1. Quick one: Karplus J couplings for the range 50-66, per residue in order, coefficients 6.51, -1.76, 1.60, θ = phi - 60°, nearest Hz, x for Gly and Pro?
2. Please order K147, K140 by the number of other Cβ within 10 Å, starting at the fewest.
3. How do R57, R52 line up, fewest other C-beta atoms within 10 Å first?
4. Give K113/K235; K79/K113; K93/K188; K73/K117 a once-over and call out the pairs whose C-alpha atoms are over 20 Å from each other.
5. Taking 0.36 nm per residue of sequence separation and subtracting the Cα-Cα distance, how much length would be gained by fully extending the chain between I241 and K140, in nm to one decimal?
6. For N50 and F74 in the same chain, what is the full-extension length gain: residue separation times 0.36 nm, less their Cα-Cα distance, in nm?
7. To make sure I understand, if each residue's beta carbon is the centre and we count other beta carbons within 10 Å, what order do C195, C136 fall in, fewest to most?
8. Evaluate 2.2 N^0.38 Å with N set to the residue count of the range 102-150, then give the Cα radius of gyration divided by it.
Amino acid sequence: MVNLGALNDEDKRKCANMFQIHLVINVLSSSLSEFRNLQLVSKSFKRISNDRYILQRLSLNKIPLLPWRNRKKFHNFFKRCRKSGNLEAIYRKGLVDYFHRDSHERQRDRGLKHIAKTANNGNQEAQYVYGLILICLGGKTKQNGFKILSSLRKPLMLSNTIKEMEKHRTHIRNMWWWGEPMMRHLQKSYVRENCNCDGRTEIFPNYCFRHRFGEDDDMLTSSACEICLCHHEVKLFFANIKE
């Protein structure tokens, strides 16, 4: 713990500024209403909360994908986050533009580019969604989709990652009320690749869900059928969509 009494005035100001930064990040990550309340506290809090550094690194996990109220303020806030380079905000914009039932073709193209950008910067949920979209679209993009999902193969089998992936799937499936038409289109576009495996691979993801994945299972994953593993993820992706 820092002894404030031993610090000079300049160091105290730096400590106070760092405290404000951490406080702003925590508040911004909780809700937009708390964010607006914090801006009313002082000019310094308002200045920090609009700082590019803060908005770029802000976690948006606890903020809903689409708001029920204050949509204009919500839109403006996310726009500032995107302009600041916040990858979560860019990814969310991509999801909405690509999947929303009211999006036109140019919006969908732009949305897919946003998802791709976030995926290429290492966001696991974006990689997961982007890989599945490419697999479903087929054609030249399909092999790239397999490659992306294959890079997530071992992490997908880890018990803690399985829980995270289920959150991602729930996040995506919860879009059905405004994204179902596009989800249905992807589902109809998907064509499973033929494989010559013995069929045991599809049992493996269920095993990993019940038992913690370990080093002893490396050989199983290395010899598992890529096509069957990807098909398993596609089925989970469309779990709430009726054919």
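FYI, it's all coordinate maths here, none of it is from the lab. Please read all numbers here as calculations on a predicted model, not as lab measurements. Cβ coordinates were reconstructed from backbone atoms using ideal geometry, including for glycine residues, and neighbour counts include every protein chain displayed.
1. Karplus-based 3J(HN,Hα) across the range 50-66 equals 9, 6, 4, 4, 5, 5, 5, 9, 5, 7, 10, 4, 8, 9, x, 5, 10 Hz.
2. Sorted ascending by nearby Cβ count, the order is K140, K147.
3. Listing R57, R52 from fewest to most nearby Cβ atoms yields R52, R57.
4. Violating the 20 Å limit, Cα to Cα: K113/K235; K93/K188; K73/K117.
5. So the extension gain works out to 33.8 nm.
6. Full-extension gain reported as 7.2 nm.
7. So the ranking, lowest neighbour count to highest, is C195, C136.
8. That ratio works out to 1.10.
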